[in-house]
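Here the structure comes first, spelled out in structure tokens, and everything after it is commentary.
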Amino acid sequence: MSMLTPPGMGGKYRVTGDRYPRMRRPRSRRRIVTALTAAVVALGLAGWGTVQLVDVFGGDAKTTAAIRKGDCKPGPGASAAAVLKLKPRQVTVNVYNATPRAGLAKAAADELKKRGFTIGKVGNAPKAYDKKVANTGLLLGSPAAAKGPFQVLGTQLKGVTTKTDRRGTGDVDLILGKGYTALAPKPAAEAALAALAKPAPARKGKC
């Protein structure tokens, strides 16, 4: 009996040819886990990509509705009309002279009163500003004064600068500097006030 003859077959059956049955090696558990993980990640990425495409082409419903309703922040100048309706009589001005020339503060205060402004204190400039203002003048007031009073009073004097302090009142200091000679001519000041009351159209804001 040949060694290739299966036992009990009596030589009736023989294994011939050059092909033999081979045992398949068991698949590694690690490979299976890795394959499953990769499949889950691929499905997740595909789902996320679909959502992004829907957002891009479909748009968020709330955002679209807000845009249609014009629910956008106004651009600069949208609230300027309310601020610039301020009248000269609503601005209380303290006039101080920071120059060696006498009488400037009183003369300026008298003219501002004629133009409708409310006059507060009149006198020499505080030591911190005396002879230290090089231009025509300095407007000094609270941060709130920058939203209207500075602009209104600034129409009466060219070349002024502005500065805020911590005062809790609404008055504004006009400190006359070395470059001061006189207030702006009344017609020019009135034209500047009229132009101030007509602010530029508000620019479109960002949604």
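When you go through 173, 130 one by one, which is the residue that is buried (at least 20 other Cβ atoms within 10 Å of the Cβ) and modelled with pLDDT of 95 or more? Outline the logic, then answer.
Numbers: 130 fails: buried (at least 20 other Cβ atoms within 10 Å of the Cβ).
The unique qualifying residue is 173.
Please state which of the following conditions residue 196 fails to meet, knowing it meets all the rest: (1) open to solvent by less than 50 Å² (accessible area, probe 1.4 Å); (2) hydrophobic (A, V, I, L, M, F, W, C); (3) modelled with pLDDT of 95 or more.
That leaves (3) as the condition not met.
Residue under question is residue 158, and the condition is that it be of a type in the set (D, E, K, R), in contact with a helix residue (DSSP H, G or I) (Cβ under 6 Å, 6 or more places away or on another chain) and modelled with pLDDT under 95; does it hold? Please lay out each step first, then the result.
On the way: of a type in the set (D, E, K, R): yes; in contact with a helix residue (DSSP H, G or I) (Cβ under 6 Å, 6 or more places away or on another chain): no; modelled with pLDDT under 95: yes.
The answer is no for residue 158.
Quick check on this structure: which one of 131, 178, 198, 147 is under 29 Å from the mean Cα position of the chain (by Cα), farther than 18 Å from residue 91 by Cα and not acidic (Asp, Glu)?
On the way: 131 fails: under 29 Å from the mean Cα position of the chain (by Cα); 178 fails: under 29 Å from the mean Cα position of the chain (by Cα); 147 fails: farther than 18 Å from residue 91 by Cα.
Within the list 131, 178, 198, 147, the selection yields 198.
Of everything in the stretch 148-184, what is without any contact (Cβ under 8 Å) to a residue 60 or more places away in the chain, touching a Leu at 6+ places or on another chain (Cβ under 7 Å), within 21 Å of residue 114 (Cα to Cα) and not aromatic (Phe, Trp, Tyr)? Give them in sequence order.
Result: 154, 155, 156, 157, 160, 184.
The values are calculated or read from the model by the stated rules, or taken from the named source; none is laboratory data. None of the values given here were measured: they were computed from a predicted structure. Here the Cβ is made from the backbone with ideal geometry for all residues, glycine too, and neighbour counts use every protein chain on show. In case anyone asks, the SASA skips ligands and DNA or RNA and just uses the protein heavy atoms, side chains included. Shrake-Rupley method; radii C 1.70, N 1.55, O 1.52, S 1.80 Å.
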